[in-house]
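Enquirer: One structure coming up, written as structure tokens, with questions to follow.
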Amino acid sequence: MELQVLISKKGTKVVTATNLHAALQLNNDHYAANIKRWLGDIYGFSDGIRKPEKMKDFATRKLRDQAIMNDYYLSVELAKLISLNSKSKVKQKYAKWLSAMEDKIEDGELLTQRQVLSALELAKAMSLMSSQITCERKHLKRYESINGGIANNWWKYRESVLGYSTEKLKDRLRRIGINAQSKSQRQMLLILDKYETIRTGVIDFLMAMGKGDQYARNMGDLAKKWAEELQLEIHDDRKGQNIFSTTINTDLIKELRQIKDVGRRPALQAS
């Protein structure tokens, strides 16, 4: 039997315990005992060594006849860890497959409905220039924290992540007859492609949260498309204008300005 990845009501990728048990070719008579062990064991999750948590790593799957067999929805990460810890002869095959699926989810290749909506909210939040600047600073602080407090290569590193450099932007401005002297990257982008500032802000935000660069770029690209579709305006709210419209998630604005620790999740989860 092949293992199937399903999409939960919240847009999360999951597998069922019964399907995983069958795919691993484990004895059906041992299902109840195996499930009890699976959900009570300790694993090395990406966020620490712990037991699986209900509604985070697994959830009960409601069946018409629950008395026959209890079933559960398992996160892709938990399913992978279970496979590795099992005595199945094919555990390596499915552990590798689930690991690859997990990478796709993390990189944003498989975006959930929740992530798509998160990109929309982030696009709106990044229409405020103060949000863009805050996230750039938070990204810099994270870079310093993982490089021994040194930020010598910050701009070169950030340019490699974003896909453009100051010199390239200046060259583009010169080509259209605009003097780029004394202009910041943000000022140049506002002239060349204002929605790129939203993409940049989202990437800075997610990488400040400890997300991978590929995932951050994918979400940034999606946020930019949302901004273009909605024709969002970029507001310099540092000047005191009253621009907080009801369409902007003000709770998210407050959260992204208070990021302190890498891995702390904002009110609007982006993954």
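Enquirer: Give the span of the range 113-256's Cα atoms along each principal axis, as three whole-Å numbers ordered largest to smallest.
Expert: 40, 38, 30
Enquirer: Ok, one more. What does the charge dipole of the range 6-107 about its Cα centre add up to, to the nearest 20 debye, if the Cβ of each Lys and Arg holds +1 and the Cβ of each Asp and Glu holds -1?
Expert: Magnitude of the dipole: close to 200 debye.
Enquirer: Size of the dipole of the range 113-256 about the Cα centre, Lys and Arg at +1 and Asp and Glu at -1 on the beta carbon, nothing else charged, in debye to 20?
Expert: 360
Enquirer: While we're here: Would you mind getting me the FRET efficiency between LEU6 and GLU229? Use the beta-carbon distance for r and R0 = 30 Å, nearest 0.05.
Expert: Efficiency computed from Cβ-Cβ geometry: 0.55.
Enquirer: Would you list the P(r) distribution for the range 143-213, with all Cα-Cα distances sorted into 5 Å bins from 0 and each bin expressed as a whole %?
Expert: 3, 15, 23, 23, 17, 11, 6, 2, 0
Enquirer: Once both labels are modelled 7 Å past Cα along the beta-carbon direction, what's the ASP236-SER182 spacing in nm?
Expert: 1.3
Rule-based calculations on the coordinates, nothing more; no lab input. Keep in mind the model is a prediction, meaning the values are calculated, not measured. Because the Cβ atoms are built from the backbone with ideal geometry, glycine has one as well, and the counts that use them run over all protein chains shown.
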